[in-house]
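Notes follow the structure.
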Amino acid sequence: MSFRIGRFKSANARGRYLTHYEQLRALSPQPDVVHDVPTEFGTVRVYQHGPDGGVSVVLIHGFFLTSAMWWEQVADLAGDSTVYVVDALGQPGESVQSKPMFTPADSARCIEAVLEGLALQGVHLVGHSYGGWLATHTAAMAPHRLASVTLVDPANTVARLSTRFWMSVALQGRPGSARARRAATWITGHHALATLFGAGFAEFKPPLRTPPLRLISDQDLRSVDVPVQVLLAGNTVHDSEKGIARIRSVVPHWRHQLWPNASHALPVELPGEVNAFIRRFVTEHLSRQ
């Protein structure tokens, strides 16, 4: 495809990045099916773990972390669900964006198109960080395929991203520097994720044709008509206590859980507990399928 909106800086850059990507993906079990799903915005890579027709759990990754970040969830949850892990458009990985997405509604429409292309209904959507932001907009704007939503330390969703976060992202303009590496480790909370995060900034062009990561409004949070749980870390990229206060004020029916000493790498730092919360929430909301 000659016209690419989100793309690697060169063929060699793509090769260097995919070396890191495949090393991390190798921590997950081999997928049963690899899908390249066409949408109006580009082709979306999805890895399916488990047979067709199972309870569908769809995982959307954090910013520049790709489907490779979910190894702990795939290994565990695929035992009793069919798990789909997505490479989001406009991000490094194996998806290829061909048309700009200017608004959160565009991103929601893209995710809905992926679910439609996979013929999925009653989906239990799980998003980490930026993926939680995308999942929330999808639940607000295209909820009819969803049974539940789990937000894992979601970015700019219930709490505003901190100044330190934005300063740390700015340092990624020099991804090989020691300061940038330290900042990446603080943002991601995990060495392997920090390496992938830094490689993305080194090898992939800035994602300028995807919606800006603005704080989701109270109105949009209230418009979500799908069961939601929010799993929060205390040592992270936002003030989770303020996030809990906002949940209680704006969407008091949403469930929430806080691990005060955990980092933004909650899915790999405390996988047993995170997976248990996801599995329990899925089981409780099977009737919506």
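The amide H of V55, built 1.01 Å from its N in the peptide plane, has T82 as neighbours under 5 Å, considering only residues 5 or more places off or on other chains. Lysines within cross-link reach of K99: Cα-Cα under 17 Å, excluding same-chain residues under 8 positions apart? Those lysines meeting the cut-off are K205. Per residue, the chain exposes 41 Å² of solvent-accessible protein surface, assessed with a 1.4 angstrom probe and all protein chains in place. Of the beta bridges DSSP finds with both residues in the chain, what % are antiparallel, to the nearest 5? Approximately 40 percent, going by the DSSP bridge assignments. Look at the alpha carbon pairs under 8 Å that are at least 6 residues apart: their mean separation over the length of the chain gives a relative contact order of 20 percent. What a 1.4 Å probe finds exposed on the chain is 52% carbon and sulfur by accessible area, rounded to a whole percent. Dividing the mean sequence gap of close Cα pairs (under 8 Å, 6+ apart) by how many residues the stretch 1-148 holds gives a relative contact order of 27 percent.
The values are calculated or read from the model by the stated rules, or taken from the named source; none is laboratory data. Values in this document were obtained by computation on a predicted structure and should not be read as measured data. Protein only, heavy atoms only, side chains kept; ligands, DNA and RNA dropped before computing areas. Shrake-Rupley method; radii C 1.70, N 1.55, O 1.52, S 1.80 Å.
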